[in-house]
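Notes follow the structure.
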Amino acid sequence: MILKELDPFAGRTQEEVAARIAQDRMAYQLRRFFGKSTEVDVLNYLRIGFGSTVAHVDHLLLHPYGLLVLERESLGERVQIRDDGQWMRWRDGAAVELRSPITRAYLRALSLKAFLDKNVRQKGFFDGVELDVLVAVPDTNVIQWPTMGPLAEVCNFEQVQEKVEQRLAQCRRVATAPGLLTASERRRLGEFLRSLHRPMGKTASQ
């Protein structure tokens, strides 16, 4: 089920338009994959401020066993992922360091989890849920993978459903009890997050 759609588009620049097109494409895929799902709920674009910190995720997927943060990364040119996890991008024939979108996704996921841990009544509840990340890129063919091969956290847009379902199957195999997040709990969590969402350009007081 889709618990939150994208915000209305208010950008003007070419970069903002391009970013919105990528957002729309991913939101469409998630609606197609999970719009009628009874097991996976989706919130598209969340921006929650608390103190001096803003928890921002491109797409958040809720399932019985936990949370999955899905981040989009536009790769307009060839990228290499080195064995130490460093991402490199080529510009004018020179290699330039690129912040790992996997690391960025994990930091955003941990920031969101810390916020939830602090604000739910049942303290420690989210210690018992899975926390995963997935980075979706338009085309994995532009990536030069490390010697270990493709990374489990990276896929192209069309592989998102398969990756999510694989993760759910893995959770089921190792689970000793039903998932902590029932359908009604996921809806309540979605309503809570949606109520705290601050669209870009709005302050917390707005």
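The values are calculated or read from the model by the stated rules, or taken from the named source; none is laboratory data. Everything quoted here is computed from the prediction, not taken from an experiment. Cβ atoms come from the backbone with ideal geometry, glycine included; neighbour counts cover every protein chain shown. Calculation scope for accessible area: heavy atoms of the full protein, side chains included, ligands and nucleic acids excluded. Shrake-Rupley method; radii C 1.70, N 1.55, O 1.52, S 1.80 Å.
If a/c stays under 1.5 just call it rounded; otherwise compare a/b with b/c (prolate if a/b is bigger, oblate if not). Do that for segment 91-206, with a ≥ b ≥ c from the square roots of the Cα gyration tensor eigenvalues. Judged from the Cα gyration tensor, segment 91-206 comes out oblate (a/c at least 1.5, b/c at or above a/b). Let me know the shape class of segment 140-206, please: from the alpha-carbon gyration tensor, a ≥ b ≥ c as square roots of the eigenvalues, rounded when a/c is under 1.5, otherwise prolate if a/b is greater than b/c, or oblate. Oblate.
Of the trypsin sites (Lys or Arg not before Pro) found in segment 114-206, those in coil by DSSP whose Cβ has at most 14 other Cβ atoms within 10 Å are Arg121, Lys123, Lys202. FRET efficiency for the pair Met148 and Met88, taken as 1/(1 + (r/R0)^6) with r the Cβ-Cβ distance and R0 = 22 Å, rounds to 0.85. The residues of the chain expose on average 55 square angstrom of accessible surface per residue, using a 1.4 Å probe on protein heavy atoms.
Potential lengthening of the chain between Asn119 and Ile2 amounts to 39.8 nm, from the contour at 0.36 nm per residue minus the alpha-carbon distance. Label separation (Ile21 vs Glu191): 3.9 nm, computed from points 7 Å beyond Cα along the C-beta direction. Of all beta bridges that DSSP places with both ends in segment 45-142, some 70 percent have antiparallel geometry. On full extension, the segment bounded by Val54 and Glu77 gains 5.3 nm, given 0.36 nm per residue less the C-alpha separation. In this structure Asp41 has an accessible area near 10 Å², from a 1.4 Å probe over the protein heavy atoms.
Modelled label positions at Tyr28 and Glu158, each set 7 Å beyond Cα in the direction of Cβ, lie 1.4 nm from each other. Under the combined filter of DSSP loop state and at most 15 neighbouring Cβ atoms within 10 Å, segment 52-83 retains these GluC sites (Glu not before Pro): Glu77. Under the rule a/c < 1.5 gives rounded, and otherwise a/b versus b/c splits prolate from oblate, where does segment 26-99 land using the Cα gyration tensor? Prolate shape, in that a/c is at least 1.5 and a/b is the bigger ratio. Label separation (Phe9 vs Met200): 1.2 nm, computed from points 7 Å beyond Cα along the C-beta direction.
Of the trypsin sites (Lys or Arg not before Pro) found in segment 1-71, those that fall in a DSSP loop while having at most 15 other beta-carbon atoms within 10 Å are Arg12, Lys36.
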